[in-house]
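See below for the structure under consideration.
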Amino acid sequence: MKKTASRRAASQETTGTQLMFEAMRDARASLHEAVVHAGMSVLRAMLEEDRVKLCGPRYAHDATRTATRAGFVDGELAFGGRRVRVRRPRVRGVDDREMALDTWERFAKADPLTPRAVEQMVLGVSTRNYDRSLESAPPHVSARGTSRSAVSRRFVQGTRAALQELTSRSLGNLALVSVMIDGIHVGGHVVLVALGIDEGGDKHVLGLYEGATENATVCTALLADLRTRGLRTERALLFVIDGSKALVKAIRDVVGKHALIQRCQVHKKRNVEEHLPESMKRNVGRTISAAYRATEPDRSQRMLEGLARQLDKDYPAAAASMREGLEETLTVARMGLDHWLARTLSTTNPLEFINGRIRKTSHNVRRWDGGQMILRWVAVSLVEASKTFRKLRGHKNMPKLVAALRAHDARLKPSTIDRSRKAA
């Protein structure tokens, strides 16, 4: 008897919960329909007010009237992520030409559908499910513009605009002290992304460039584009890169001696470990991490060179990887920066965060249709990522970095003067 009573109580509780949720759903639908109905009523009132301003009150005699009512015509306005049909009042002037209503013109010019489509796609909504992601339209409202093709067209339009803005924006007004560059593989292509850091520690997406591989030509093209758009290369800049030889060559070719190159310590550790068996990766990785945590850069270099000598006999490829560009992994360590800023600028982690956002945004794409599509998706991902940017970790120590860069410029000036004298 007790079990039967408990089951009956549980059944009644479940039924009560279902009824409550159904009532809430019905109430929400009724509220949404009421809001839409009220909004449409206000819109009709505003349109009629515009017509009264042009034609005067209805049925009132006015000898100076310059416009007359001309009935209604079906039109469309953007509402709730779709296009809805609205009866638009018409007005004709003395020359029998139709006159515009200010309210209608203002609402018709606004295009909230394109940014809405871009936002929904970025959040992971597919074109097939776009209509389901919107609040349902009331039965009395005739709507369109939520088909897969319509949403896709708006998304292409919005992302194309984002790409154009990102790749044409002037960089001359940015007081940049560091540029981070890294590549991400998308749909069989490599997209290089450049992130700038200014004197205050703020981050700025500078540009992107697509290529089949991360070669020197693609890297040079990216840097040349940044310079054309205002990146100052006549004074010292800190470049933080993943360790690619192609990037190093491109930076040297475009920026020259004003470039200070910091190779990512995380990438260096990963590259060395790739040449080792699983049994050794952990211990060697710990040794590399401990060396980079050392407070004195000379000691760090000695520790890493000692590790390379230990690996020489059995794992020469790992030893060669350790030695390749070793000094450039300690560039920031030699600047005397505080711990957090030095640690942040010694890796490309800020760009790794952006790459993660790109992968998350585009994870629903099943088929990539060429480089332009890839660039559009990466561009809109960068725009979304930039909305979450915070100041660089350790940004309060940025004046020391600026001072180190200006000191590098001062060391270069005498050699520049000597060359000009020899040329004379």
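The values are calculated or read from the model by the stated rules, or taken from the named source; none is laboratory data. Not measured: the values here are computed from a predicted model. Virtual Cβ from ideal backbone geometry, glycine too; neighbours counted across all protein chains shown.
If you check 200, 158, 196, 172, which single one turns out to be assigned to a strand (DSSP E or B) and either farther than 25 Å from residue 347 by Cβ or in the same structural domain as residue 251 (by TED's automatic domain parsing) (or both)? Before you say what the answer is, go through the steps one by one.
Working: 200 fails: assigned to a strand (DSSP E or B); 158 fails: assigned to a strand (DSSP E or B); 172 fails: assigned to a strand (DSSP E or B).
When all the criteria are applied, what remains is 196.
Just to verify a result, which residue in segment 278-334, among those that are exposed (fewer than 13 other Cβ atoms within 10 Å of the Cβ) and among the polar types (S, T, N, Q), is farthest from residue 177 (Cα to Cα)? By that ranking, first place goes to 279.
Out of 236, 224, 216, which single residue is crowded, with 21+ Cβ neighbours inside 10 Å and either of a type in the set (Lys, Arg) or in contact (Cβ under 8 Å) with a residue 12 or more places away in the chain (or both)? Reasoning before the result, please.
Working: 224 fails: crowded, with 21+ Cβ neighbours inside 10 Å; 216 fails: crowded, with 21+ Cβ neighbours inside 10 Å.
Of the residues listed, the single one that is crowded, with 21+ Cβ neighbours inside 10 Å and either of a type in the set (Lys, Arg) or in contact (Cβ under 8 Å) with a residue 12 or more places away in the chain (or both) is 236.
Per-residue answers, yes or no, for (1) closer than 30 Å to residue 366 by Cβ; (2) not β-branched (Val, Ile, Thr):
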residue: 50; (1), (2): no, yes
residue: 57; (1), (2): no, yes
residue: 60; (1), (2): no, yes
residue: 68; (1), (2): no, no
residue: 95; (1), (2): no, yes
residue: 133; (1), (2): yes, yes
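Taking the conditions exactly as written (modelled with pLDDT under 75 and not hydrophobic (A, V, I, L, M, F, W, C)), does residue 127 satisfy them or not? Walk me through how you get there before you give the answer.
Values: modelled with pLDDT under 75: no; not hydrophobic (A, V, I, L, M, F, W, C): yes.
Here the answer is no, as residue 127 does not meet what is asked.
The helices (runs of 4 or more DSSP H) found entirely in segment 305-394 that carry 1 or more residues being without any contact (Cβ under 8 Å) to a residue 12 or more places away in the chain are 316-323, 349-361, 371-386.
Residue-level check: of (1) surrounded by fewer than 19 Cβ atoms within 10 Å (Cβ to Cβ); (2) in contact (Cβ under 8 Å) with a residue 40 or more places away in the chain; (3) within 30 Å of residue 121 (Cβ to Cβ), residue 402 misses just (3).
The residues on offer are 94, 151, 73, 125, and the sole one that is among the hydrophobic types (A, V, I, L, M, F, W, C), without any contact (Cβ under 8 Å) to a residue 40 or more places away in the chain, over 29 Å from residue 47 (Cβ atoms) and not assigned by TED's automatic domain parsing to the domain that holds residue 234 is 125. For the condition in contact with a strand residue (DSSP E or B) (Cβ under 9 Å, 6 or more places away or on another chain) and not assigned by TED's automatic domain parsing to the domain that holds residue 121, residue 362 qualifies.
Summed over segment 175-189, the residues that are closer than 21 Å to residue 366 by Cα and touching a helix residue (DSSP H, G or I) at 6+ places or on another chain (Cβ under 7 Å) give a count of 4.
So, in segment 196-213, of the ones that are in contact (Cβ under 8 Å) with a residue 24 or more places away in the chain and touching a Ser or Thr at 6+ places or on another chain (Cβ under 9 Å), which residue ends up farthest from residue 405 (Cα to Cα)? By that ranking, first place goes to 208.
A single member of 60, 67, 100 is modelled with pLDDT under 85 and either more than 30 Å from residue 145 (Cβ to Cβ) or of a type in the set (Gly, Ala, Ser) (or both), and it is 60. Considered as a group, the residues in segment 208-238 that are under 23 Å from the mean Cα position of the chain (by Cα) and in a strand (DSSP E or B) include one that is nearest to residue 342 (Cα to Cα), and that residue is 238.
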